[in-house]
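Notes follow the structure.
What follows draws every value from the coordinates through simple rules; no lab data is involved. In this text, all values refer to a predicted model and were calculated from it rather than measured experimentally. Cβ sites come from the backbone with ideal geometry, for glycine too, and all protein chains shown count toward neighbours.
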Amino acid sequence: MIEIGHFALVLAFALALVQSVVPLVGARRNDVRMMGVAAPAAITGFALTALAFVALLSAFAQSDFSVVNVWENSHSLKPMLFKITGAWGSHEGSMLLWVLILTFFGALVAAFGGNLPDTLKANVLAVQGFIGATFFLFILTTSNPFARIDPAPIEGRDLNPILQDIGLAVHPPMLYLGYVGFSVCFSFAVAALIEGRIDAAWARWVRPWTLAAWMFLTGGIAMGSYWAYYELGWGGFWFWDPVENASFMPWLAGTALLHSAVVMEKRSALKIWTLLLAILTFSLSLLGTFLVRSGVLTSVHAFATDPSRGVFILGILTLFIGGSLLLFALRAHSLTAGGLFHPISREGALVLNNLFLTTAAATVLIGTLYPLLMEAIAGSKISVGAPFFDMTFIPLVIPLLFAVPFGPLLAWKRGDLYGAAQRLAFAFGGALVVALLVLMMRERGSAFAAAGIGLAAWMMLGALTDLFVKAGIPRVSASTGLRRLTGLPRSMFGTALAHFGIGMTVLGIVSVAAFGTESIATMKKGDTLDVGGRHLRFDGLRPQTGPNFTAQTGTFVLDDGSTVESSKRFYPVRQMPTTEAGIKTLIFSQIYVQLGDETPDGGIVVHAWWKPLVTLIWLGGLVMMAGAAVSLSDRRLRVGAPSARRARSAATGSAGA
Amino acid sequence: MRRFLALMLMLAALAAPAFAVQPDEVLKDPVLEARARNLSAGLRCMVCQNQSIDDSNADLARDLRILVRERLTAGDSDQQVIDYVVARYGEFVLLQPRFSWRNAILWATPAVLLLAGIAYALTRARSDMRRAPEKLTSEEEARLDEILGKGQN
């Protein structure tokens, strides 16, 4: 089975080469048969990659330790779920997952791109095939997951215990669906440049892909953040770690792309910019892959001592980013500029959105790369950590978030800012009241908390206002309003949901930062610790045994008699300890308990946090995802090239993102 | 996938799965302790991957936390503590790089980009507006109002 997988991967590589050349030539010669190669090649390529992936999965499921990758990352005692997820827990396996998802998207374009013009489809799939070919080559030459070991060891070395968690089952696949999903937008952009033409229909095809990729990336980042929160055990949810930034940059650029694609579709303006954004977004995904996969993050010197993988990915990076930007520079001027608009208009608002989001992405980029550049060029080591990002990123997003509710209320072409402000008066008043209430709180009410929570309330109320205004509420009767509300295009609900979700996330972040508390104490059985006004009684430690670990579990009793368990595990194979935080969710807030070292006198150090409204941070992410899903289900988006009548009715509607 | 690499690297640096600040380190004076926590959050644990000494439980981080608290109890100002630590460990220890000419590109990029972007967008908008068709004359406006039936309801 393993050799079949290896063989399938080699075949997929060969097929990807065919897919990247034949349709491209066919599109230039206008040869329908050559162009027709693209779709079957893409679908077969996906099937072959899936076969390779299944081969690896089965090796993990069967604990076949004659495969190096399985031996290094699995153990026969591991629960079955973690055996399977372990398949993408290593570098090799995760790269295989990467190409699996890449070919999956290629196959989707091939299968559902029936309404695309022949040459565009051929070019898109050719570019997609070319990306695939380089990564197949990378896997086959530097990161082969199917390498054998002889003689086969009797037992595996186990997976890193931190990764033996349900998070590994969800986070990487979702993140990759997002990351790699942007490859489709990239391929569309490059195909448009090759063809030298781009129109509103192009944006219409690209938008659903952007939306889908953005949805998965949002979910992947939110899931990863929650995973780090409960697994790392110091209660943080975002660390501005380069690895996190690697996924956050494409998200920021992708969010900008999502919005500029709307302008392009509705008003055929910002064409060149949208194209550039599509290229940049996927370039940032590739850069993220390079940063994480090359080992350059640990140290520039570590990268220099074993550069084989790093140099290969750097080559891929240079090829695609450099190549696409060169193509852009050569061809962009031939694209015609689109519709005019006044600065105060929906388009203007979306341009503002793009300005801030791309600047934010650039800020994260420079903060992530600067230490590497300094080390490589000047040879001096500096750190760029959370304080830098807090000081630069947050001031950038505050005006953006404040402006969000205005955007959907402005008309296309020329908007009425005063009118929009009037409509938002209720939301603004509500947010002001909330902010004042926070300010007047007896304890810990601060200007920061008031402003932050006021901003969150403003975004959430603003999103609701948007829907109500569009339904004509309260000008029309309740029943008419309700009927109109349910009759609104789904993409409008999508916009409102996504904007509401950001408000939720902001509310969660500000609440934790402003009102979260933290207690540290050495506790013995029967001792009580005060956590954010609640009492935690320690009920003693007891030993536990898991399938491949041993644990010490502490039980804590809350005021209402419910219990929280927090444990420390030890995985003997890797000789690694982990902690399992005890988390008690109270509506949206959480109590987070972490065990420390035992003291010689029989006590144990306990660290407990009160995290008010903390779950909103991730629930907001889920709501954003839901917004994208609702928007994707909008029929007008699904129809690739609508009939003239439908196009007209779509143009008169004023859907948002 | 990206995150767990960080997890691995972070964990590799940890001696034991405890958390950072230990009860015996906490200063009696809450004001001083708050200052110590604040300073610790901005100082890098030198042997960890992108972790502050406040978050890390590596021995070196603990030593540094105790050092910060000693300096504070001795009466140093926040800046004096930072200068002291930087003098010993170099600028690498600061999670927030200094505002210096060396770091000018880092600190200036966000503002410069944003202002340049706004300036560009505004110039474009202005030139676009100049290309825009003339406004309607008052006669045309009146005629338009008539067609739209304004002023009759």
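The calculated 222 nm mean residue ellipticity attributable to helices in chain A amounts to -21000 deg cm²/dmol, summing -39500 (n - 2.57) over DSSP H runs of n ≥ 4 and dividing by all residues. For A:V384, neighbours were defined as the other residues whose beta-carbon sits under 15 Å from its Cβ, and their charges (Lys and Arg +1, Asp and Glu -1) total -1. Membrane-span-like helices in chain A, defined purely by DSSP H runs whose alpha carbon atoms cover 30 Å or more axially and whose average Kyte-Doolittle hydropathy reaches -1.0, are A:2-29, A:38-61, A:91-112, A:118-142, A:166-195, A:200-232, A:242-267, A:271-293, A:346-373, A:447-471, A:490-515. Over the stretch A:287-435, what portion of Cα pair distances is larger than 28 Å, expressed as a whole percent? Tail of the P(r) past 28 Å holds 47 percent of the pairs. Here the stretch A:1-164 has an Rg and Dmax of 17.8, 58 Å, counting Cα atoms alone.
Among A:I520, A:I502, sorting on how many other beta-carbon atoms sit within 10 Å of each Cβ, with the fewest leading, yields A:I520, A:I502.
How big is D for the stretch A:380-490, in µm² s⁻¹ as a whole number, if Stokes-Einstein is applied with the Kirkwood radius of its Cα pairs at 10 °C and 1.306 mPa s? Diffusion coefficient, whole number: 97 µm²/s. Normalised radius of gyration (Cα atoms, divided by 2.2 N^0.38 Å) for the stretch A:48-122: 1.43. Remark: spin-label model distance A:A147-A:T585 equals 4.2 nm, labels positioned 7 Å along the Cα→Cβ axis. Rounded to the nearest 20 debye, the dipole size of the stretch A:1-164 about its Cα centre is 480 debye, using +1 on the Cβ of Lys and Arg and -1 on the Cβ of Asp and Glu.
In units of the compact-protein estimate 2.2 N^0.38 Å, chain A shows a Cα radius of gyration of 1.02. Computed from the C-beta positions of A:A629 and A:K381 and an R0 of 41 Å, the FRET efficiency is 0.40 to the nearest 0.05. Taking Lys and Arg as +1 and Asp and Glu as -1, the other residues whose beta-carbon sits under 14 Å from that of A:K568 total -3.
Per residue, the convex hull spanned by the Cα atoms of the stretch A:426-510 measures out at 84 cubic angstrom.
Summing +1 for each Lys or Arg and -1 for each Asp or Glu among the other residues whose beta-carbon sits under 15 angstrom from that of A:E195 gives +4.
Fully extending the segment from A:M1 to A:T545 would add 192.4 nm, taking 0.36 nm per residue of separation and subtracting the current Cα-Cα distance. For the stretch A:65-172, the set of GluC sites (Glu not before Pro) satisfying both a DSSP loop assignment and a count of at most 15 other C-beta atoms within 10 Å is given as A:E155. Close Lys pairs in chain A, defined as Cα atoms under 19 Å apart and 8 or more places apart or on different chains, number 9. One compactness figure for the stretch A:517-611 is 1.07, namely its Cα radius of gyration divided by 2.2 N^0.38 Å.
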